[in-house]
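Engineer: I have a structure here, written as structure tokens, and I will follow up with some questions on it.
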Amino acid sequence: RRTNPSKKRKPRLPITAWVLGRMRGLLALGQAKDQKMWAALCVAVCGLFRAGELLWKKNGRATLTRGDVAWYDDHFVVHLQFSKMDGAGDGVDVKVFRTGGQVCPYEALKVVWNSCANQTPGAPVFQNQDGTAFKYTKFHRRIKELMLQLGFPKSLVGSHSCRIGGATTLALLGYPDHVIRAYGRWASLCYQIYLRLDDGTRRQCAAAFGTA
């Protein structure tokens, strides 16, 4: 957009918690490759992550590694070394809680975390069966395939549909703008990005994804 202002992106349809539940039925969750895909989907949607913050991109500065994730009883913390709104490069910590439902990023990620081939701190969180990083491009392509099976046009969905869908889910469930903006780390209405959500509110948001 900066180099060619006249070129506009196509609108992206959201992958909400409800759509995510339908996608789950298309995956063979007994197979490692679909466990990995399901975990990436759940974490991206329920944590309102940009897919590039989780997966390897050709021009990305860092892949999320196992050393960037800390586990607790009811949530895990993702330390993003680099993110879009972190201009100073200080890094940011994102808490992702259990949802208590079928769509649960905590449970989905735990499955692939315990079964992955390379479990060293520097290994990618989302990895293939040989320990190499799960690529952003493959994630993007698989989303299009799954959404097409559900009757959505491939041209209107992509990896960013996860982040859009997470925000849309919370909006449809009645959460106010300032909670969604802080939850998703948006800079729109910049003062609101400095709001801090307590763990109780984050647990309520997580439970909402589970009951949706």
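Engineer: Sort 111-118, 161-168, 141-148 by the packing proxy (mean of other Cβ within 10 Å over each peptide's residues), most packed first.
Structural biologist: 161-168, 141-148, 111-118
Engineer: Next question, about the same structure. Place +1 on the Cβ of every Lys and Arg and -1 on the Cβ of every Asp and Glu in the chain, take the dipole about the Cα centre, and give the residue among 78, 104, 25 whose Cα lies farthest towards its positive end.
Structural biologist: 25
Engineer: Which percent of the accessible heavy-atom area of segment 1-151 goes to carbon and sulfur, probe 1.4 angstrom?
Structural biologist: 48
Engineer: Per residue, how much accessible area does the chain have with a 1.4 Å probe, in Å²?
Structural biologist: Accessible surface, normalised per residue, equals 52 Å².
Engineer: Moving on. If packing is taken as the average number of other Cβ atoms within 10 Å across a peptide's residues, how do 96-109, 11-24 rank, most packed first?
Structural biologist: 96-109, 11-24
Engineer: How large is the dipole of segment 97-210 about the Cα centre if only Lys and Arg carry +1 and Asp and Glu carry -1, each at its Cβ, rounded to the nearest 20 debye?
Structural biologist: Charge dipole of segment 97-210: 240 debye, to the nearest 20.
Engineer: Place +1 on the Cβ of every Lys and Arg and -1 on the Cβ of every Asp and Glu in the chain, take the dipole about the Cα centre, and give the residue among 131, 152, 39 whose Cα lies farthest towards its positive end.
Structural biologist: 152
Engineer: Follow-up. Can you pick out the pairs among 58/110; 57/144; 10/95; 33/154; 33/57 whose Cα atoms lie more than 24 Å from each other?
Structural biologist: 58/110; 10/95
Engineer: Roughly how big is the chain's charge dipole about its Cα centre, with Cβ charges of +1 (Lys, Arg) and -1 (Asp, Glu), in debye to the nearest 20?
Structural biologist: About 1220 debye.
Engineer: Of the listed values (1) 19.8, 59; (2) 18.0, 59; (3) 16.4, 49, grab the one calculated as Rg and Dmax of the Cα atoms in Å from the structure here.
Structural biologist: Read-out from the structure maps to (3).
Engineer: What is the sum of charges around residue 29, taking Lys and Arg as +1, Asp and Glu as -1, for the other residues whose C-beta is under 15 Å from the C-beta of residue 29?
Structural biologist: Counting the neighbours of residue 29, the net charge comes to +4.
The values are calculated or read from the model by the stated rules, or taken from the named source; none is laboratory data. All figures in this text were calculated on a predicted structure; none of them were measured in a lab. Note: ideal-geometry Cβ built from the backbone for every residue, glycine included; neighbour counts use all protein chains shown. Note: areas computed on protein heavy atoms with side chains; ligands, DNA, RNA excluded. Shrake-Rupley method; radii C 1.70, N 1.55, O 1.52, S 1.80 Å.
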